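What follows is a short report on a single structure.
The values are calculated or read from the model by the stated rules, or taken from the named source; none is laboratory data. Owing to the predicted nature of the structure, the values given are computational and were not obtained by experimental measurement. Positions of Cβ are generated from backbone atoms using ideal geometry, with glycine treated the same way; all protein chains shown enter the neighbour counts. In case anyone asks, the SASA skips ligands and DNA or RNA and just uses the protein heavy atoms, side chains included. Shrake-Rupley method; radii C 1.70, N 1.55, O 1.52, S 1.80 Å.
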Amino acid sequence: MWWDERVSARFRRNLQPTLTYWSVFFSFGLCIAFLGPTLLDLRCQTQSSLSQITWVFFSQQFCLLLGSCLGGVFKRTLAQSLFALFASSLAISLVFAIIPLCHNVVVLAVVMAMAGLAMGCIDTISNMQLVKIYQKDSAIFLQALHFFVGFGALLSPLIADPFLSDTNCILSNSTANASSNLPHIRKSLVPHHPGNLSHYDLPMKGMVVTRVSYAFWIMALINLPVPIAVFFLLYKERMVPCFNSSSHPLLSADELAMETRPVDKDELSTPVHRAQAAGGHDDLFSCCQSKNFRGASFTYFAVHITGALVLFMTDGIVGEYSGFVYSYAVEEPLSVVHKVAGYLPSLFWGFITLGRLISIPVSYRMKPATMVFINVVGVLITFLLLLIFSSSVVFLFVGTASLGLFLSSTFPSMLAYTEDILQYKGCATTVLVTGAGIGEMVLQLLVGSIIHDRGSYSFLVCGMIFGCLAFTFYALLVFFHRMYPKPSPELDDASPAKAAVSDDTGQYQR
């Protein structure tokens, strides 16, 4: 195997919780990408205007950010975390099942807000729990976690595509004229940003003809095994109230040997013990309490802030690029035909998913700090070349694929790097998840308004500026890492800081 026996043994001991957290992130990905391509059919279902239905985007994104901030509240015990994941993953299946029954745009926005809250909780809790389980070995498992969100984001549009309307799904006298614009509008909505659609006029009244309900019911069924998997993990950990009185099963010979040997504090054998041993990882509001600031150095805050700012920029680039690359391609000077330009967002997300898959083995051999450096420099160089060859359609496709690869592993690598600096204490996971969510929402709105005022070329200029800022904040993070106080050798062996810096088997040290 391409990882050593120690990491492999640790993975085997935590196989069920690890697979469960990965599957829950698949739910997150499944829910994040379906809205763009299905929004026009949902507009018909709710008989609303384009400007009204695009508020559904905002309700989902805002509540996703809110859920990310609140997700840390449920981390205090393993039971709370698992029950929150169970409720969130079950809520996503229920949302998929309920969406076809929403015939009012306000009701649909409320349902999508619930989905956003569930997605935010999943985002924060899953990252936190994997960091708690694997600590200094968490990078490779975080890379795999974020591969599953990309896989889900690729799958849901493919499920929806056969059920999307080829013509306008509200039949009226103006249907023929409106239908000619439908492919252009649909591609403008993929995958995150509604774009500037106010100049399109589609009928709001008439006979509704859409089969998109079947897509949502299929996604609800596909997602249903995820809450079942979380429930089985709750049952295994004896946290289900009806079944928590059962006696403990006899240990196998290997498990008995594991229990009777002296315990390596860096490899506590159950998720419950690790949840008790790992420090920090509070929710955003607990992190801001003054008691957490006592005795903290300046660099403690600087590491949190600069790490969050790097993800603010890089996740913001993901949001703004996927949202506006189609609009940029169809405008002058490129003037790419609409059907061809529609492949750009899919290409971008496809290479993000491919990059996350490649990063799983790479993260074992390469330090997270090095991976983040490669990512931000690659983003910067790609935007520079996109500006230089701004009239080349071929390079736009090459640059889109390159940008997806470089952005793919930034979040899990930054999370592993920052947690490692802080010796798995503090609030790094919560602060970084929140910063990334704010960046994705804010930079989309900012770039949208700039493109509207300054033209499509400003799309690449904004990306270049954001890339420069991401590199600057990363350089500051490395600087503060150098200044951050090293753990004292007198630390108790059971402390998370001691576990984080203990020398391990050669290949995987940070």
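For this structure, a couple of remarks:
- For the range 450-460, 3J(HN,Hα) per residue [Karplus equation, 6.51 cos²θ - 1.76 cosθ + 1.60, θ = phi - 60°, Hz, x = Gly/Pro]: 5, 4, 4, 8, 10, x, 5, 4, 5, 4, 6
- The range 402-472 and the range 99-118 have Cα centres lying 28 Å from one another.
- The largest accessible area among M366, M414, M464, M483 belongs to the first residue in M483, M366, M464, M414, and the rest follow in falling order (1.4 Å probe, all chains).
- Surface calculation, 1.4 Å probe, protein heavy atoms: L50 sits at approximately 10 Å² accessible.
- Where only alpha carbons of the range 419-472 are counted, the Rg and the Dmax (Å): 15.0, 46
- Protection proxy ranking, peptides 122-135, 16-29, average beta carbon neighbours within 10 Å, highest first: 122-135, 16-29
- Once the 1.4 Å probe is applied to the protein heavy atoms, the range 296-486 comes out at 37 Å² accessible per residue.
- Where the Cα pairs of the range 296-486 fall when distances are cut into 5 Å bins, in %: 1, 8, 17, 20, 19, 14, 9, 6, 3, 1, 0, 0
- Percent accessible area from carbon and sulfur atoms, the range 296-486, protein chains only, probe 1.4 Å: 74
- Size of the range 71-143 as Cα extents on the principal axes (Å, biggest first): 49, 24, 16
- For peptides 320-326, 232-238, 89-95, sequence by mean Cβ density within 10 Å, most packed first: 320-326, 89-95, 232-238
- The accessible area of R365, taken with all protein chains in place and a 1.4 Å probe, comes to roughly 140 Å².
- Solvent exposure of the range 28-175, expressed per residue, is 29 Å² of accessible area, with all protein chains present and a 1.4 angstrom probe.
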